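Novice: My questions all concern the structure below.
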């Protein structure tokens, strides 16, 4: 076995994940000799489910499942069992690569090689499952709007947890301040028609919600590699259709809400109630469409520039859409209501 | 091998996941006989990494890793290798159980038994990884505020996807309408001090953001079973402290925003600007605290009543906190500003 110093590999590299406790045989061994060798050297091995075949320079030639070895005739040589087709991980690759390869290959262990092809160690499926779990946890926490915790929720000290959450919360708060500025811009309109302000949370949150939906679908698809960056136009088309449909549904409900309140006498929106309803409905279509587009495209852009797509968290998308939503809503209202209420 | 009809098991049960292609040996076999048996019957087996020991009624006695069999002396009997301690899955259990057990046990295959202890089949780690991946995807999509898709994003037809998203979006929209009603309740106050309305999106969204953070941390911890339902009080204490600290940070920033705008002459909040600042700051503390509590406790309550904690999606928590946030903000403002601006 190789005596590599695993500490020389990067923290998140496969080299740090691998074990050097494996059994390797030579191609000129017979099956019987190989089994004998395994009996002699296999005690400390992490797994005997897969045996590795190396040449005299310890270059990896193949891996053989123990199944093949047991089912083979004892007199055959190892080279008769090998087909020189194997999947190996690179020691310097990121551990995320290992997760993908294991998912594609359905193996319980995979060999790890150096740049020159020498066998450095093996990675077993249970270690890879742990890595996958950590990645999923980090994605989930990021999407919720905090930095990934280093320890579990229960073990993270309170001040460290507040620190991990405060950063994003402050950034979002500072960005959301733009809603106050944007609304301040329309203060004259609000003074003239206070009822317009009543619908602000309803309308802008719908954009955030549709954006959060789109972002979660896209982030997960990117993580699973079902979706590639080059498919961005496919996504965009799908989200434009979805956004218009979903926005129209909400727009109709929003208009009906105003209609019912007006007709039932529950609230009096005045002479121009229908124009207010139209402002709300049309704003909803634009804002929901904008939400789905922002939610779906930002993860793709983040990945494109080498950042984690999960950074496009639900609160992040919601904040972005809130600010633009205020502007869209009051602009649409100005178009419909100027000369009437405004 | 058993000839069970797998179709009789529930869709999400382990019985549907298992394969009946395994090799079983009897306890009175010698190691040599066992290996011989494996050579004869092992060709179709899904895995030979683990061999199963059954009695004459096909009751599971133990499982033996192939490693142990290879390393053992050929004359030993199987019963000398067994310790009758094994971990088996129940065929009727949910597939989620299998994921947990595999994570705890670090095995590449686990036996599946019927209620009476007879061996029904085996489950291999690659199938379990697929189940885990699907579960994670569903959780992620639900947390984003849509129903889990049955197919991948790229393969889901557009109308089916709109359907999966419209349900929650409409439910959230109808709930968020309460913000309009709540604000309508304070219309007289808004007319008197329009500037109060300008801060509504800023203040209520902070509650949603902190709630989304808390919810993602708790949902993931529950999924990983780091956190048990009985620990709810531990969570609540932690979130009360976090909520007050995070709310205070945002409250201070919010007050400073008003202070700086006022002093720089960028906006004139009038004589009572300090009281407006205080209303914003105190509201933020309460709303962020309420957000963290709602975000952390709702997943726990959902799990307690047998629902999926991930249903407490970021948009769901945000909507809930928006509605209450409006009420908190205007109530706090009324306390600080009545007799002054109101």
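The values are calculated or read from the model by the stated rules, or taken from the named source; none is laboratory data. It should be emphasised that the depicted structure is a prediction, and the values quoted were computed from it without experimental measurement. As a convention, Cβ positions derive from the backbone with ideal geometry for all residues, glycine included, and neighbour counts pool all protein chains shown.
Novice: Mind counting the residues in segment A:151-174 that are within 7 Å of chain B (Cβ to nearest Cβ) and assigned to a loop (DSSP other than H, G, I, E, B)?
Specialist: The total comes to 3.
Novice: May I ask you to verify whether residue B:203 is surrounded by 23 or more Cβ atoms within 10 Å (Cβ to Cβ), in the same structural domain as residue B:305 (by TED's automatic domain parsing) and over 30 Å from residue A:134 (Cβ atoms)?
Specialist: In short, yes.
Novice: Okay, next question. Could you count how many residues in segment B:26-48 are within 14 Å of another protein chain (Cβ to nearest Cβ) and touching a strand residue (DSSP E or B) at 6+ places or on another chain (Cβ under 6 Å)?
Specialist: Number satisfying all stated conditions: 4.
Novice: Across segment A:257-290, what is the total count of residues that are more than 10 Å from chain B (Cβ to nearest Cβ) and either more than 17 Å from residue A:330 (Cβ to Cβ) or in a loop (DSSP other than H, G, I, E, B) (or both)? Please lay out each step first, then the result.
Specialist: Of segment A:257-290, the ones more than 10 Å from chain B (Cβ to nearest Cβ) are A:259-260, A:262-265, A:268-279, A:281-283, A:285-287, A:289-290.
Applying the additional criterion that residues be either more than 17 Å from residue A:330 (Cβ to Cβ) or in a loop (DSSP other than H, G, I, E, B) (or both) yields A:259-260, A:262-265, A:268-274, A:289.
Residues in segment A:257-290 being more than 10 Å from chain B (Cβ to nearest Cβ) and either more than 17 Å from residue A:330 (Cβ to Cβ) or in a loop (DSSP other than H, G, I, E, B) (or both): 14 in total.
Novice: Does residue B:126 satisfy being in a loop (DSSP other than H, G, I, E, B) and either farther than 30 Å from residue B:317 by Cβ or modelled with pLDDT under 90 (or both)?
Specialist: No, not satisfied.
Novice: Also: Considering (1) within 14 Å of another protein chain (Cβ to nearest Cβ); (2) at pLDDT 90 or above; (3) not in a loop (DSSP other than H, G, I, E, B), say which one residue A:22 fails and leave the rest.
Specialist: All conditions are met except number (3).
Novice: Looking only at segment A:221-256, filter to residues that are in contact (Cβ under 8 Å) with a residue 60 or more places away in the chain and closer than 25 Å to residue A:315 by Cβ; which one of those is surrounded by the fewest Cβ atoms within 10 Å (Cβ to Cβ)? Show your work before the answer.
Specialist: So in segment A:221-256, the residues in contact (Cβ under 8 Å) with a residue 60 or more places away in the chain come out as A:222-223, A:225, A:229, A:232, A:235-236.
Restricting the remaining residues to those that are closer than 25 Å to residue A:315 by Cβ gives A:222-223, A:229, A:232, A:235-236.
Working: A:222: 23, A:223: 24, A:229: 12, A:232: 17, A:235: 24, A:236: 15.
Once the filter is applied, the top-ranked residue is A:229.
Novice: Look at residue B:33 and say whether it is surrounded by fewer than 20 Cβ atoms within 10 Å (Cβ to Cβ) and assigned to a helix (DSSP H, G or I).
Specialist: Against the criterion (surrounded by fewer than 20 Cβ atoms within 10 Å (Cβ to Cβ) and assigned to a helix (DSSP H, G or I)), residue B:33 qualifies.
Novice: Going residue by residue through segment B:317-328, is there one that turns out to be without any contact (Cβ under 8 Å) to a residue 24 or more places away in the chain, farther than 30 Å from residue B:136 by Cα and surrounded by fewer than 24 Cβ atoms within 10 Å (Cβ to Cβ)?
Specialist: no
Novice: Considering each residue of segment B:259-288, count those that are in contact (Cβ under 8 Å) with a residue 60 or more places away in the chain and either surrounded by 20 or more Cβ atoms within 10 Å (Cβ to Cβ) or on the phi > 0 side of the Ramachandran plot (or both), and give that number.
Specialist: Of the residues in that region, 8 qualify.
Novice: A further question follows. Find the residue count for segment B:189-215, including only residues that are farther than 20 Å from residue A:166 by Cα, more than 7 Å from every other protein chain (Cβ to nearest Cβ) and touching a helix residue (DSSP H, G or I) at 6+ places or on another chain (Cβ under 8 Å).
Specialist: So in segment B:189-215, the residues farther than 20 Å from residue A:166 by Cα come out as B:189-200.
Now restrict to residues that are more than 7 Å from every other protein chain (Cβ to nearest Cβ): B:189, B:192-193, B:195-196.
Narrowing the set further to residues that are touching a helix residue (DSSP H, G or I) at 6+ places or on another chain (Cβ under 8 Å) leaves B:189, B:193, B:195-196.
Total meeting the criteria: 4.
Novice: Still on this structure, please answer the following. Return yes when residue B:218 is in contact with a helix residue (DSSP H, G or I) (Cβ under 7 Å, 6 or more places away or on another chain), surrounded by 19 or more Cβ atoms within 10 Å (Cβ to Cβ), within 11 Å of chain A (Cβ to nearest Cβ) and free of Cβ contacts under 8 Å to residues at least 24 places away in the same chain and no when it is not.
Specialist: no
Novice: Quick one: which of A:91, A:72, A:24 is closer than 20 Å to residue A:130 by Cα and either surrounded by 18 or more Cβ atoms within 10 Å (Cβ to Cβ) or not assigned by TED's automatic domain parsing to the domain that holds residue A:118 (or both)? Spell out how you get there, then give the answer.
Specialist: On the way: A:72 fails: closer than 20 Å to residue A:130 by Cα; A:24 fails: closer than 20 Å to residue A:130 by Cα.
From the options A:91, A:72, A:24, the qualifying one is A:91.
Novice: Of everything in segment B:221-256, what is more than 9 Å from chain A (Cβ to nearest Cβ) and more than 30 Å from residue A:130 (Cα to Cα)? Give them in sequence order.
Specialist: B:240, B:243, B:244, B:247, B:248, B:251, B:252, B:255, B:256
Condition check ((1) at pLDDT 95 or above; (2) within 14 Å of chain A (Cβ to nearest Cβ); (3) more than 24 Å from the chain's Cα centre (by Cα); (4) not in a loop (DSSP other than H, G, I, E, B)) across all residues:
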site: B:67; (1), (2), (3), (4): no, yes, yes, yes
site: B:73; (1), (2), (3), (4): no, yes, yes, no
site: B:100; (1), (2), (3), (4): no, yes, no, yes
site: B:104; (1), (2), (3), (4): no, yes, no, yes
site: B:132; (1), (2), (3), (4): no, yes, no, yes
site: B:145; (1), (2), (3), (4): no, yes, no, no
site: B:149; (1), (2), (3), (4): no, yes, no, no
